[in-house]
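S.K.: Here it is: the structure, laid out below.
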């Protein structure tokens, strides 16, 4: 997340805290373990700052340190922070039993995501064994325009805002077939506004078909329920006929 | 987590960071939304510190603020921090597809937990709709001695350490039948050391039967796989016969 320079002059702003979060944010799928030099490069902070921050985060139990390589990695306590968020999220709380029933009835992957800025973030995941690890764990952030969940949530916004988002929000290529043409995205969002659901094919992974339905909370997108299936055994038609009404029922029940 | 006073005199220790984490840790199941006064009481920090820290955490996107009540709550970004941890956890990564298959084959709740200090923390959860919300979400922390997972992991430690843990680690009563007698806990841990599994009944919830098997990583408990079922339809015998060998297979495969 960008921190606007203006904030730094705010007397209420704790600069060392911003730096500490920058250190935690340096870790990711391709950078699960980082040493002081790497962290300094990744964060743009000088080595002594990085050392003080990692030492403190390690002492507080939020970073693990490998005894041999001296590299740091986020600790299990990160899941406890997620736990604190999940307790405060009434929508996920009320959705969970129904999402589990859906997963059981369909035998396919069920996700719950929310719009956060220009991205979606997955907060509940009930995977099938076909699912990749990235798609199994909560907290994954993906540009909204590249996902069925993002498009169907965006479709709930008023037309002007929708149009601005389609023009300006970032996009990311995940496969050779990821939709990168904003006119095509516009058509998909308009379609979602009309039908109330959105289907994505090969967007994040090849051979993946996904259907998403938005949860309408007083006219605002509260979240999206999303079912992901194999393109080998499913068709768009079957998704629409067998899965869409069930997702719609759950979305209505918790909206 | 207790921060020893000695740390504060360490020139490498960033005191404001410790205070910020104390603010985040104040939130929990019964305290999902907190105002400045409540946070000040919970953390023991003066109101102006709490104000500076919450303002910064809010600006950085880690705390949400209710526009009406002005109360704070942990934001969805906490799930992203958990995501960073999960990417660094090779054991959970390799266990996940097998845990999903187990969940599918048994039709019952499957959990993966790790020992962290004197507690266990759940890092992967594949719930059934019978499961309570607390038992559905990752990052839950429970005293190890009160759980089958904790006992079976402790059983992998050498006898002296095991004994010290049984005498000293904290325990917590969850139901009227939670085992609070350390002699009884000792018998359960010894039994787990002999059989390689542990069964808990009504310990965290009434009418819950749970079976756990430890993952042995070079003689150290790498984690525990745990299956939770209803005491109404299951018996200890059936758990032992139908579930235990499958859990053992998965534990062997990933250990």
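S.K.: Residues of A:70-77, mean number of Cβ from any other protein chain within 10 Å of their own Cβ, rounded to a whole number?
M.R.: The mean count of partner-chain Cβ atoms within 10 Å per residue comes to 6.
S.K.: Between chains A and B there is a rotation axis; tell me the chain A residue with the nearest beta carbon and how many whole Å away it sits.
M.R.: A:82, 2
S.K.: Rounded, prolate or oblate: which one fits the range A:163-231, using the alpha carbon gyration tensor with axes a ≥ b ≥ c (rounded when a/c is under 1.5, else prolate when a/b beats b/c, else oblate)?
M.R.: Here the range A:163-231 falls in the oblate category.
S.K.: From the label point of residue B:69, set 7 Å along Cα to the beta carbon, how far off in nm is each other copy's matching point, shortest first?
M.R.: 4.3
S.K.: On a 0 to 90° scale, report how tilted helix B:159-168 is relative to the longest principal axis of chain B, with both axes built from alpha carbons and the result rounded to the nearest 10.
M.R.: Rounded to the nearest ten degrees, it is 50.
S.K.: Within a 10 angstrom radius of each residue's Cβ in A:16-23, how many Cβ atoms of other chains show up on average? Whole number is fine.
M.R.: Average neighbour count from other chains, rounded to a whole number: 5.
S.K.: Suppose only helical runs count, i.e. DSSP H with n ≥ 4. What mean residue ellipticity at 222 nm does that imply for the protein assembly as shown under -39500 (n - 2.57) per run, divided by all residues and rounded to the nearest 500 deg cm²/dmol?
M.R.: So the helix-based figure for the protein assembly as shown works out to -12500 deg cm²/dmol.
S.K.: Using the alpha carbons of the range B:60-200, what is the convex hull volume per residue in cubic angstrom, as a whole number?
M.R.: 169 Å³
S.K.: Among B:164, B:103, B:141, whose mean-square fluctuation peaks in a Gaussian network model of chain B (Cα, cutoff 10 Å)?
M.R.: B:164
S.K.: Other chains' Cβ within 10 Å of A:114-127 residues: what's the mean?
M.R.: Partner Cβ neighbours, averaged per residue: 3.
S.K.: Please check: in the Gaussian network model of chain A (C-alpha springs, under 10 Å), which one of A:211, A:45, A:115 has the largest mean-square fluctuation.
M.R.: Its mean-square fluctuation being the largest, the pick is A:45.
S.K.: How do B:148, A:75 rank when sorted from fewest to most other Cβ atoms within 10 Å of their own Cβ?
M.R.: Lowest to highest Cβ neighbour count: A:75, B:148.
S.K.: Continuing with this model, one more query. Relative contact order of the range A:6-75, please, whole-number percent, based on alpha carbon pairs below 8 angstrom and at least 6 residues apart.
M.R.: Relative contact order for the range A:6-75 comes out at 29 percent.
S.K.: Quick one: angle between helix B:15-25 and the longest Cα principal axis of chain B, in degrees between 0 and 90, rounded to 10, please.
M.R.: So the helix axis and the longest Cα principal axis differ by about 60 degrees.
S.K.: Going out from 0 in 5 Å bins, what whole percent of all Cα-Cα distances in the range B:66-117 drops into each bin?
M.R.: Bins of 5 Å from zero give 4, 14, 15, 18, 16, 12, 7, 7, 6, 1 percent of pairs.
S.K.: Let me ask something additional. Could you work out the relative contact order of chain B? I mean the mean sequence separation of Cα pairs under 8 Å and 6+ apart, divided by the number of residues, in percent.
M.R.: On the way: 383 pairs, mean separation 34.8, N = 255.
Contact order relative to length: 14 percent.
S.K.: Further, regarding this structure: List A:42, B:80 from most exposed to least, where exposure is judged by having the fewest other Cβ atoms within 10 Å.
M.R.: Values: A:42 17, B:80 26.
Lowest count first: A:42, B:80.
S.K.: Testing the spin-label approximation: label points 7 Å from Cα along Cα→Cβ at residue A:51 and residue B:240. State their distance in nm.
M.R.: Output for this residue pair reads 5.8 nm.
S.K.: For the protein assembly as shown, divide the Cα radius of gyration by the Kirkwood radius and give the resulting Rg/Rh value with two decimals.
M.R.: Values: Rg = 23.3 Å, Rh = 24.1 Å.
A ratio of 0.97.
S.K.: Can you list the copy-to-copy distances for residue B:237, using a point 7 angstrom from Cα toward Cβ, in nanometres, shortest first?
M.R.: The answer, with the shortest distance listed first, is 5.2 nm.
S.K.: A further question on this structure: Is chain A rounded, prolate or oblate when judged by the Cα gyration tensor, a ≥ b ≥ c being the square roots of its eigenvalues, rounded requiring a/c under 1.5 and prolate requiring a/b larger than b/c?
M.R.: Because a/c hits 1.5 or more and a/b exceeds b/c, chain A counts as prolate.
S.K.: How high is the relative contact order of the range B:1-139, in percent, counting Cα pairs under 8 Å that sit 6 or more residues apart?
M.R.: After rounding, I find 12 percent.
S.K.: If you project the alpha carbons of the range B:5-75 onto their three principal axes, what span does each projection cover, largest first, in Å?
M.R.: Principal-axis extents of the Cα atoms in the range B:5-75, largest first: 41, 23, 22 Å.
S.K.: Shortest first and in nm to one decimal, what separations exist between residue A:205 and its copies in the other chains, measuring from label points 7 Å along the Cα-to-beta-carbon line?
M.R.: 2.8
S.K.: Between helix A:182-195 and chain A, what is the angle of the helix's C-alpha long axis to the longest principal axis, kept within 0 to 90° and rounded to the nearest 10?
M.R.: That helix lies at roughly 60 degrees to the long axis.
S.K.: Here's another thing I want to ask about it. Rank by packing, highest mean first: peptides B:240-247, B:176-183, A:20-27, A:216-223, with packing defined as the count of other Cβ atoms within 10 Å averaged across residues.
M.R.: A:20-27, B:240-247, A:216-223, B:176-183
Read-outs throughout are calculated quantities, based only on the coordinates presented, and are distinct from any laboratory measurement. None of these values were measured; they are calculated from a predicted model. Virtual Cβ from ideal backbone geometry, glycine too; neighbours counted across all protein chains shown.
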